[in-house]
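Laboratory data are not the source of any read-out in this text; all were calculated from the coordinates shown. Predicted model only: the values in this text are computed from it and were never measured. Every residue, glycine as well, gets a Cβ built from its backbone with ideal geometry; the counts of neighbours run over all protein chains shown.
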Amino acid sequence: MDDGPIDYGQYERGSDCNYWDLDGTLRFEAERLYPDDEFEWAEPVLRDWGEAIGHRLAAAAAEADRTGMELRTYDRDGEVANEVKYPAEIEELEWTAYEEFGLTHDAFHAPPGRDEPLGLQHTLTMQTFLSFVGAGFVCPASMTTGAAIVLDKYDDGSLQAYLDGLTARNHEDHIEGAMFLTEKQGGSDVGANEVRAEPQDDGTYELYGEKWFCSNIDAQGALALARTPDAPEGTKGLSLFLVPRVKPDGEINDSLFRRLKDKLGTLNVPTGEIEFRGAEAYLVGEEGAGFKYMAEMMNFERLTNATGAVGIMGRALLESKVRAANREAFGNPIQEYPLMQRDLVEMTVDYEAAAAFTFAATRFYDQYTREEGEAAASDVSDEAAFRLMRLLVPVAKYKTARMSVDTASYAMEVLGGNGYVNGWATEQLFRDAQVLPIWEGTSNILSLDVLRVLNREAAHEALIPWVSDLLEVEHPYLQSVAADVQDRFTQLQEALLTLATEDEDYAQYHAKRLADLLFDVVSAAVLVDEAQDALDAADDARKAVVARSFVDSRFGDDYAYGVKSGDRSGMEEFDVVARYARKDPADLDVADGEESEETAPATDDD
């Protein structure tokens, strides 16, 4: 890519383009995320992936969204069939993702051109780009990898055929996974689940009861929680089972797909209700350890929820920039007007922060899942990586989900009436984004999980030195930014101490605001560190401008809502931030973004 700003006016819409080439934010994050040898292999693959998504899959996913799916519970003879009729375009999505690009294969088996598998950071990066066009399809792809992670770690080998199917590259041999967790009476209270698992003489189990929200309802590699006889109440009494749609003898399993949910979005994945009527099921690992095993999958799914949100933000932002470059009002493209420039800069900065935080969490997750001794991109210990992964993943899922809804909503506004109309990308993006705050735990559940991780895992012991290291930068401009972050970082540490000494009700009351503060401080610190890396590696100060913009937006003085501040940064840095133009480090002004005496509120000492 050259140093000049991207000319978004050359595109008619945010498709028929290469997403890898157009998205400098994700390219930057991917290069930091992968170990060097893996990125060398992955970069051309990701470029081809961005090309395939931006051209072939964008059109296929949009058409599949319009067509929808149909459940055929019974065949013509009245026998249970439990069959979902898919749009033809889903076949293209599946073949391209699973066979051509090895989306669910390459983290478990060596891909072409390599002797070893890649880390799960590769899967998560690919899913981020796939979410530009098909967040609904990313759901079954993600659950397929998630189910494979669980079987690979906890199965004794008896379910190897299913693991082979979940990770197969050949489309004919490939099966998809699912996670059947939610029950009508339980919801987020998984310990209230009631589905029963009755042991059989042949070592299998029969499941009885209903699951209320089953995404990818017809998956052959579905995992479900159920309660064995005499199991204790709560999550300690739950075991994990693999429940295929079709039994090994070719017969339909003993369950009933009652209906598909009439959803607002994510129409590229069938979500429905299942009534188990003695369905044949196979125990995964040990009885009573099901919630622990499912939590392993949940960590991955929450992270994919965050990378999916980042992908939706990236596509919504691209659609906005293309529209702003092409739409004329009062004689000029609307991107030339100061207010639109400010909007696009602020949207881009939020996108950069969401990506920075999420890929930091991904880096620690990848290290946690690698075998001992394998190379990872993180430079913290394995123990610290686990603690940071457990802390950052729920925050990433909570914050990026809400940010994706806001970004998609405003993108519709940039497109005007067209943005609200079926057939335009922003309408689908908004519908798909709206489920992200709900999937894999609501914001309240996630915020309580943050408290749990701080209490049980002492995650702050890994967080504080890591953030402190991120803020150790050399460039004077970045030292000024880091000093502002340090002030809020100190407040975060004080907040952690307060919640550790207050009663449980007080801690729960403030849990969500703590997660907000964690996100802002960590995002700012990561952006500062990224900015120093960009200056060192590419002599480019663009990330430094992004870091300052984010810090000012979250921690800056808000006197008179900034109207008296004299700030014009959104106009002055529009090409640099929103259009990815290079920034010469020599043009950085250490005083940029600092509060002036003229705009600060008066005090009695003035």
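The structure shown yields semi-axes √(5λ) of the Cα gyration tensor in Å, and of the options [x] 35, 33, 24; [y] 42, 28, 22; [z] 50, 37, 24 that calculated value carries the label [y].
Judged by the mean number of other Cβ atoms found within 10 Å, the most tightly packed of the peptides 409-418, 130-139, 571-580 leads the ranking 130-139, 571-580, 409-418.
Rounded to 0.05, the FRET efficiency of the R76 and D589 pair, given R0 = 60 Å and the Cβ-Cβ distance, is 0.20.
Annotation note: GluC sites (Glu not before Pro) in the range 17-120 located in DSSP loop regions with a Cβ neighbour count of at most 11 within 10 Å are E79. Annotation for Y561 and E372: the two label points, set 7 Å from Cα along the Cα-Cβ direction, are 5.8 nm apart. Annotation for R402 and K85: the two label points, set 7 Å from Cα along the Cα-Cβ direction, are 4.2 nm apart. Relative to one another, the C-alpha centroids of the range 1-79 and the range 340-387 are positioned 20 Å apart. Across the range 74-100, the residues whose backbone nitrogen lies under 15 Å from the label position 7 Å along the beta-carbon direction of E251 are 79-81. In the chain, helices alone account for a calculated mean residue ellipticity at 222 nm of -16500 deg cm²/dmol, with every DSSP H run of four or more residues adding -39,500 (n - 2.57). Here the calculated FRET efficiency for H510 and D536, from their Cβ-Cβ distance with R0 = 41 Å, stands at 0.60, rounded to the nearest 0.05. Between Y420 and D156, the modelled labels are 6.0 nm apart [label points 7 Å from Cα along Cα→Cβ]. Hydrophobic long helices, here whole DSSP H runs in the chain with Kyte-Doolittle means of at least 1.6 and Cα atoms spread over 18 Å or more along the helix axis, are not found.
For the range 177-290, the relative contact order works out to 31 percent when only alpha carbon pairs closer than 8 Å and six or more residues apart are counted. Treating r as the C-beta distance of K261 and E194 and R0 as 25 Å, the FRET efficiency rounds to 0.75.
Which peptide among 420-432, 209-221 comes first, and what is the full order, when sorted by highest mean count of other Cβ atoms within 10 Å? Numbers along the way, then the final one.
Numbers: 420-432: 20.4, 209-221: 22.5.
Highest mean packing first, the order is 209-221, 420-432.
In the range 177-290, the DSSP beta bridges split such that about 85 percent are antiparallel, to the nearest 5.
Remark: relative contact order (the chain) = 13 percent; criterion is Cα-Cα distance under 8 angstrom and separation of 6 or more residues. Taking each residue as 0.36 nm, the span from R56 to T182 lengthens on full extension beyond its C-alpha to C-alpha distance by 41.9 nm. Here is the result for the range 481-527: no chymotrypsin sites (Phe, Trp or Tyr not before Pro) lie in DSSP coil with at most 10 other C-beta atoms within 10 angstrom of their C-beta.
Report the extension gain between E43 and E172 in nm, rounded to one decimal, defined as 0.36 nm multiplied by the number of residues separating them, less their alpha carbon distance. Each step should come with its number before you reach the end.
Numbers: separation 129, 0.36 × 129 = 46.44 nm, distance 2.75 nm.
Between E43 and E172, full extension yields an extra 43.7 nm.
Sites listed here are trypsin sites (Lys or Arg not before Pro) in the range 51-127 whose DSSP assignment is loop and whose Cβ has at most 13 other Cβ atoms within 10 Å: R76.
Relative contact order of the range 61-219: 17 percent, from C-alpha pairs under 8 Å at least 6 residues apart in sequence. Of the peptides 103-109, 324-330, the order by per-residue mean of other Cβ atoms within 10 Å, starting with the highest, comes out as 103-109, 324-330.
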